[in-house]
Amino acid sequence: MSATSGLAMVEAAPSAALRPYVTRLCAYREHYAEPVTRSEMAMPGSVLVLAFGTPMEAGGQRVRAFGGGLGDRFTVTRVAGPSEGVEVFLTPFGARRLYGLPMRHLTNRVVPISDLLGPRADAFVERLAETASWRARLALADRLLSERIAAGPELGPELPWAWARLLETGGRLSVASLADALGWSHRHLVARFHDQVGLPPKTAARVIRFGRALRLLRAGTAPAVAAAECGFYDQAHMNREFRVLGDTTPGQIRPRPGGAAPASWAS
């Protein structure tokens, strides 16, 4: 990549304090000769973009720094000019504590950062913009996010436990099994998922299963094998899910000689 065209990024491991709430932290810069439109795949987490430069289009809005909740569909973005900043991949519980809002209010939404973090949000982004070194920028973002999340609402252990079980099983654990293990009714489990995750448990499991299928396909697993391993009814079922959640097909994801899978928030 040249210094003036394309995408460059540097990733940093979240600090120990941030690790339960953030799965990925990266500084980036992108600039293209022409506008670039992407379909960003649904993922089992929340994306926070602390950007400065040319605003981009995301979810039908023109935004610069923004966040949101989990979704059960892909999101269209369009980059039309040079931009840089820090991109943060939050767990549902990291987003719940960071924003201090029931996650159901953010499902399938793109929200300007000032609406999520209040009057200090612009100063947060300005400090990142004034920090020239990417590593220093990532360290600053880590520190500020850790402080904000630590001040957020305390969450009980039940939902993180249930979420971990869904991740471990690739979304194949039944909602009834989760409710029984927790000693909760189905209605109570769904209500708690809406508050702390933003999606009902069955839909969250769909997104997790989609993510597992993506990883298998990118590793070279045949679509029919991936469909069986991930618990889809058949390959046609997996194809439908990929269109809804990723605006793509399994055949477009599986690597081919000389080819590459499209970039995505879920990459």
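A few remarks follow.
- Among 20, 119, 82: highest mean-square fluctuation, GNM of the chain, C-alpha pairs under 10 Å: 119
- Springs join every pair of Cα atoms under 10 Å in this Gaussian network model of the chain, and among 59, 45, 69 the largest mean-square fluctuation is at 59.
- The chain: calculated mean residue ellipticity at 222 nm from DSSP helix runs of at least 4, using -39500 (n - 2.57): -12500 deg cm²/dmol
- Averaging the Cα positions of each part gives two centres, and for the stretch 116-193 and the stretch 72-104 these lie 11 Å apart.
- For the stretch 200-214, the Karplus equation 6.51 cos²θ - 1.76 cosθ + 1.60, evaluated at θ = phi - 60°, returns couplings of x, x, 5, 6, 4, 4, 4, 5, 5, 4, 4, x, 5, 4, 4 Hz by residue, with Gly and Pro reported as x.
- Relative contact order (%) - criterion: Cα under 8 Å, at least six apart; region: the chain: 20
- Long-range amide H partners of residue 254 with built H, under 5 Å: none
- Packing rank of 224-231, 189-196, where each peptide gets the mean count of other beta carbons within 10 Å, highest leading: 189-196, 224-231
- FRET E, pair residue 155, residue 80, Förster distance 41 Å, beta-carbon r, rounded to 0.05: 0.60
- Cβ-Cβ distance of residue 139 and residue 169, R₀ of 22 Å, FRET efficiency by 1/(1 + (r/R0)^6): the value works out to about 0.05.
- Taking every C-alpha pair closer than 8 Å and separated by at least 6 residues, the mean separation divided by the residue count of the stretch 191-238 gives a relative contact order of 22 percent.
FYI, it's all coordinate maths here, none of it is from the lab. Not measured: the values here are computed from a predicted model. When we count neighbours, we look across all protein chains shown, and the Cβ atoms used for this are built from the backbone with ideal geometry, even at glycine.
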